[in-house]
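Right, one structure below, let's go through it.
The values are calculated or read from the model by the stated rules, or taken from the named source; none is laboratory data. Remember, it's a predicted structure, so these values are computed and weren't measured experimentally. Heads up, the Cβs are rebuilt from the backbone with ideal geometry, glycines too, and the neighbour counts pull from every protein chain shown. Each accessible area value is taken on the protein alone, full model and side chains, heavy atoms only, with ligands, DNA and RNA left out. Shrake-Rupley method; radii C 1.70, N 1.55, O 1.52, S 1.80 Å.
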Amino acid sequence: TDGSVITWGSVGSGGDSTSVASALNGAIDVIQIYSNYSAFAALRTDGSVITWGTAGSGGDSTSVASALNGTIDVVQIYSTGRAFAAVRADGSVITWGSSEDGGNSSAVSGQLIDLIGVS
């Protein structure tokens, strides 16, 4: 109820969140947690996202961190077996994780923009 997160289980699959513990249990509450086979993504009340777990499955979101924690809030996250997709308040979509599982949407980025009507 206080917006903090406790993790357990396999260390390599997200059971150990010590590397992001200060972000998960800080001044900004977590409102939702999303998972795939071996990584987690936490959506916080300010629209930012914290990830942990297996890097190649989306546990490392540093390549898209500026889009996930920038001026446009994330409102929803979806997952596949080893990737995540975040929908932001402006309708744009950010993906990360395994390219084979949808973590790289660069090939369809134009279609995503056309689909949601963002220019």
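Return the residue satisfying two criteria in turn: it lies in the stretch 8-41 and is buried (at least 22 other Cβ atoms within 10 Å of the Cβ) and closer than 15 Å to F84 by Cβ, and of such residues it is nearest to the chain's Cα centre (by Cα).
A41
Do we find that I94 is in contact (Cβ under 8 Å) with a residue 12 or more places away in the chain and either closer than 25 Å to D2 by Cα or open to solvent by 60 Å² or more (accessible area, probe 1.4 Å) (or both) in this structure? Can you show your working first?
Values: in contact (Cβ under 8 Å) with a residue 12 or more places away in the chain: yes; either closer than 25 Å to D2 by Cα or open to solvent by 60 Å² or more (accessible area, probe 1.4 Å) (or both): no.
Considered against the rule, which asks whether it is in contact (Cβ under 8 Å) with a residue 12 or more places away in the chain and either closer than 25 Å to D2 by Cα or open to solvent by 60 Å² or more (accessible area, probe 1.4 Å) (or both), I94 comes out as no.
Of all residues in the stretch 82-102, which are on the phi > 0 side of the Ramachandran plot and outside any loop (DSSP other than H, G, I, E, B)?
Going residue by residue through the stretch 82-102, those that are on the phi > 0 side of the Ramachandran plot are 91, 97, 102.
Once the filter is applied, which keeps residues that are on the phi > 0 side of the Ramachandran plot and outside any loop (DSSP other than H, G, I, E, B), the stretch 82-102 yields only G97.
Look at the stretch 54-74 and say how many of its residues are within 11 Å of the chain's Cα centre (by Cα) and open to solvent by 30 Å² or more (accessible area, probe 1.4 Å).
Taking the stretch 54-74 first, the residues within 11 Å of the chain's Cα centre (by Cα) are 57-62, 64-65, 67-69, 74.
After this cut, where a residue has to be open to solvent by 30 Å² or more (accessible area, probe 1.4 Å) as well, the list is 60, 62, 65, 69.
Qualifying residue count for the region: 4.
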